[in-house]
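Coordinate-derived values only; no laboratory data. Keep in mind that what you see is a predicted model, and the values were worked out from it rather than measured. When we count neighbours, we look across all protein chains shown, and the Cβ atoms used for this are built from the backbone with ideal geometry, even at glycine.
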Amino acid sequence: MIALTTALVSLLTLAPQASAHGFLKNVLVNGVTYPAWQVFQDDFVTPEPTRYVRRILNNGPVPDFTTTNITCNAGGNIPAKGIIPVNAGDKVKLIWDQWGSSHSGPVMTYLAKCTPNCASFKGDTGAVWVKIDQMAYDTTKSPPWGSDYLAKQGATWTVTIPPQLAPGEYLLRHEILGLHVAGTRMGAQFYPSCTQLKVSGSGKTELPSGVALPGAYNPDDKDGVLVQLWQVNAGQVKYVAPGGAVWSGAVANVN
């Protein structure tokens, strides 16, 4: 009886934390919904269904953001079967299964050119990731944190493919960084996903050099990673999201 009670208390303690986790569930482009890897379902489906976002193991954060798991989340960074057709300048709506506002932090989105194509590209080496969208802590917004704003929008986020981007295959890396326990070293919780895109159009602009993932997220970065959330909320410290600035060739945040 004592063991049962202890187990029940443990489950109840973990439930709020687990329920606040989330994953990218669908991607909406030009009225068409493209399913991402369906966590807790697709691993058990034979044959493997066509998905457009690379598989992840679960709905929790990356176990160690200094490893290659940070590139496209823990799941092996296996190329997806499908690739989403988009035009340069299109809006891409990223739909999460859920998001709890207790996990406050920035929302960040990057692009990387798949060389030679997304069927073989992993993006886990080199400065290939270019930030095209971000909302960190913006006191002009209500709520001010990007992740809380995403939650307010029904766990959705919209990004614009740069209008002058050259045609080709790309990975769209979209993530939430939860800072609720980031005051402890390695406590920052990153939730990335990698969506495969085939961009069309007459654009001529190639992506510049960006940042490396792994590499760009330093566990000792006291401005963006190793931070006390309450100090930012209280205005005691200024928050600067990791991963560098948004590329000048990107379109302003539309959320």
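Using the structure shown, decide if THR125 is within 30 Å of PRO167 (Cβ to Cβ), surrounded by fewer than 21 Cβ atoms within 10 Å (Cβ to Cβ) and of a type in the set (Ser, Thr, Tyr).
Details: within 30 Å of PRO167 (Cβ to Cβ): yes; surrounded by fewer than 21 Cβ atoms within 10 Å (Cβ to Cβ): yes; of a type in the set (Ser, Thr, Tyr): yes.
Judged against the criteria, THR125 is a match.
Among the residues of the stretch 57-74, which ones are more than 14 Å from the chain's Cα centre (by Cα) and surrounded by 18 or more Cβ atoms within 10 Å (Cβ to Cβ)?
Once the filter is applied, which keeps residues that are more than 14 Å from the chain's Cα centre (by Cα) and surrounded by 18 or more Cβ atoms within 10 Å (Cβ to Cβ), the stretch 57-74 yields nothing.
Considering the stretch 169-195 alone, what residues qualify as being in contact with a strand residue (DSSP E or B) (Cβ under 9 Å, 6 or more places away or on another chain) and in a loop (DSSP other than H, G, I, E, B)?
Across the stretch 169-195, the qualifying residues are LEU179, HIS180, VAL181, ALA182, ALA188.
Kindly provide the set of residues from the stretch 236-251 that are surrounded by fewer than 19 Cβ atoms within 10 Å (Cβ to Cβ) and either closer than 16 Å to VAL130 by Cβ or polar (S, T, N, Q) (or both), ordered by number.
GLN236, GLY244, ALA245, TRP247, SER248, GLY249, VAL251
Can you say whether TRP230 is free of Cβ contacts under 8 Å to residues at least 12 places away in the same chain, over 23 Å from LEU57 (Cα atoms) and of a type in the set (Phe, Trp, Tyr), as far as the supplied structure shows?
Answer is yes for this residue.
Quick grid of which residues meet (1) surrounded by 17 or more Cβ atoms within 10 Å (Cβ to Cβ); (2) within 17 Å of the chain's Cα centre (by Cα):
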position: ALA155; (1), (2): yes, yes
position: GLY168; (1), (2): yes, no
position: HIS174; (1), (2): yes, yes
position: LEU179; (1), (2): yes, yes
position: GLY183; (1), (2): no, no
position: VAL211; (1), (2): yes, yes
position: VAL225; (1), (2): yes, yes
position: GLN228; (1), (2): no, no
position: ALA234; (1), (2): no, no
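Kindly establish whether LEU207 is among the hydrophobic types (A, V, I, L, M, F, W, C), outside any strand (DSSP E or B), touching a residue at least 12 places away in the same chain (Cβ under 8 Å) and touching a Ser or Thr at 6+ places or on another chain (Cβ under 9 Å).
Numbers: among the hydrophobic types (A, V, I, L, M, F, W, C): yes; outside any strand (DSSP E or B): yes; touching a residue at least 12 places away in the same chain (Cβ under 8 Å): yes; touching a Ser or Thr at 6+ places or on another chain (Cβ under 9 Å): no.
Spelling it out, it is not the case that LEU207 is among the hydrophobic types (A, V, I, L, M, F, W, C), outside any strand (DSSP E or B), touching a residue at least 12 places away in the same chain (Cβ under 8 Å) and touching a Ser or Thr at 6+ places or on another chain (Cβ under 9 Å).
Determine which single condition ILE132 fails, assuming it passes every other condition in (1) within 19 Å of LEU165 (Cβ to Cβ); (2) outside any strand (DSSP E or B).
Every condition holds for ILE132 apart from (2).
Go through (1) touching a residue at least 60 places away in the same chain (Cβ under 8 Å); (2) surrounded by fewer than 20 Cβ atoms within 10 Å (Cβ to Cβ); (3) part of a loop (DSSP other than H, G, I, E, B) one by one and return the number of the condition LYS198 breaks.
(3)
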